[in-house]
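Below: one structure, written as structure tokens.
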Amino acid sequence: MTDSWKIGERLGDGAEAGRSAGVPPAVPSASSGQAAGASSRTPLWATLIATFFGIGRLRPGPGTWASAATMLLWALLALNLAPSLRMPVAVGLAVLVTLIGIPAATQVARGSRIKDPQFVVIDEVAGQLVALIAVPLAWKAFLAGFILFRFFDILKPPPVRQLEAIPEGTGIVLDDVAAGLYALAVMHLFLHFGLLR
């Protein structure tokens, strides 16, 4: 019997003894599992906020789904508000979502080890709310606000792209807020000139 055969036999005996002693076999770590393992360390509150309660998991286009959901939810809320309260409530919500969204997006980005996770959509929620500030409750105005926000969010004119380069949740959220401001400006130009009647 050769020496190499004896060594292999001893190794096999050692592995068998380990199994009989209740020692689980070693499992090599896979780099593809890093994100999943890291995300388990993300606080639940951050995951819920960052994904807008799971909407960020929808496919395709989770950002578009989040924008559409935001538009519909705001329409339902605004219908139950006095007209004089709609603008301050929209501004307050946009600010609140931005302030909560930044730390939530930071936690999820760190946990997933992805700079700007696609399933983080709280930034689209903030940006879409900005785009709907002082917009009348009419389907044409809401549709225009939705399209304009998605257009500027994808196009990313300056300084939107520059804001995106800011690290962690600040960059994730603020570039969409800037895209929302672009959409808001164009929207109110349309309204001023009566293009959405």
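The values are calculated or read from the model by the stated rules, or taken from the named source; none is laboratory data. A quick note: this is a predicted structure, and the numbers were derived from the prediction, not measured. Glycine gets a Cβ as well: all are built from the backbone with ideal geometry, and neighbour counts include every protein chain shown.
Specify the residue that is farthest from M71 (Cα to Cα); the eligible residues are those in region 153-196 that are in contact with a Lys or Arg (Cβ under 8 Å, 6 or more places away or on another chain) and assigned to a helix (DSSP H, G or I).
E168
For every residue, the table says whether it meets (1) farther than 15 Å from D176 by Cβ; (2) out of contact with any Lys or Arg (no Cβ under 7 Å at 6 or more places or on another chain); (3) of a type in the set (F, W, Y).
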| position | (1), (2), (3) |
| --- | --- |
| A50 | no, yes, no |
| R57 | yes, yes, no |
| L72 | yes, yes, no |
| P83 | yes, yes, no |
| L93 | no, yes, no |
| I102 | no, yes, no |
| A105 | no, yes, no |
| G111 | yes, no, no |
| E124 | no, yes, no |
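Just a yes or no: is a residue in region 71-79 under 21 Å from D175 (Cβ atoms), in a helix (DSSP H, G or I) and either under 25 Å from the mean Cα position of the chain (by Cα) or at pLDDT below 95 (or both)?
Step one: list which residues in region 71-79 are under 21 Å from D175 (Cβ atoms), which gives 71, 74.
Now restrict to residues that are in a helix (DSSP H, G or I): 71, 74.
Of the ones still in play, those that are also either under 25 Å from the mean Cα position of the chain (by Cα) or at pLDDT below 95 (or both) are 71, 74.
Within region 71-79, one or more residues are under 21 Å from D175 (Cβ atoms), in a helix (DSSP H, G or I) and either under 25 Å from the mean Cα position of the chain (by Cα) or at pLDDT below 95 (or both).
Given (1) farther than 17 Å from M71 by Cβ; (2) surrounded by 14 or more Cβ atoms within 10 Å (Cβ to Cβ); (3) of a type outside the set (K, R), where does Q118 come up short, assuming only one miss?
In the conditions (1) farther than 17 Å from M71 by Cβ; (2) surrounded by 14 or more Cβ atoms within 10 Å (Cβ to Cβ); (3) of a type outside the set (K, R), Q118 misses (2) alone.
Residue-by-condition table, conditions (1) within 21 Å of P60 (Cβ to Cβ); (2) in contact (Cβ under 8 Å) with a residue 40 or more places away in the chain; (3) buried (at least 24 other Cβ atoms within 10 Å of the Cβ); (4) more than 13 Å from the chain's Cα centre (by Cα):
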position	(1), (2), (3), (4)
L96	no, no, no, yes
G101	no, yes, yes, no
I114	yes, yes, no, no
V125	yes, yes, yes, no
F142	no, yes, no, yes
R150	yes, yes, no, yes
K156	yes, no, no, yes
V160	no, no, no, yes
L191	no, yes, no, yes
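Condition (residue is without any contact (Cβ under 8 Å) to a residue 60 or more places away in the chain, surrounded by fewer than 24 Cβ atoms within 10 Å (Cβ to Cβ) and over 19 Å from the mean Cα position of the chain (by Cα)) applied to region 166-182: is it met by at least one residue?
yes
If you take the residues in region 104-131 that are in a helix (DSSP H, G or I) and of a type in the set (D, E, K, R), which one is modelled with the lowest pLDDT?
First, the residues of region 104-131 that are in a helix (DSSP H, G or I): 104-112, 122-131.
Pick out the ones that are also of a type in the set (D, E, K, R) and you get 110, 123-124.
Working: R110: 95, D123: 98, E124: 98.
Among them, the one singled out is R110.
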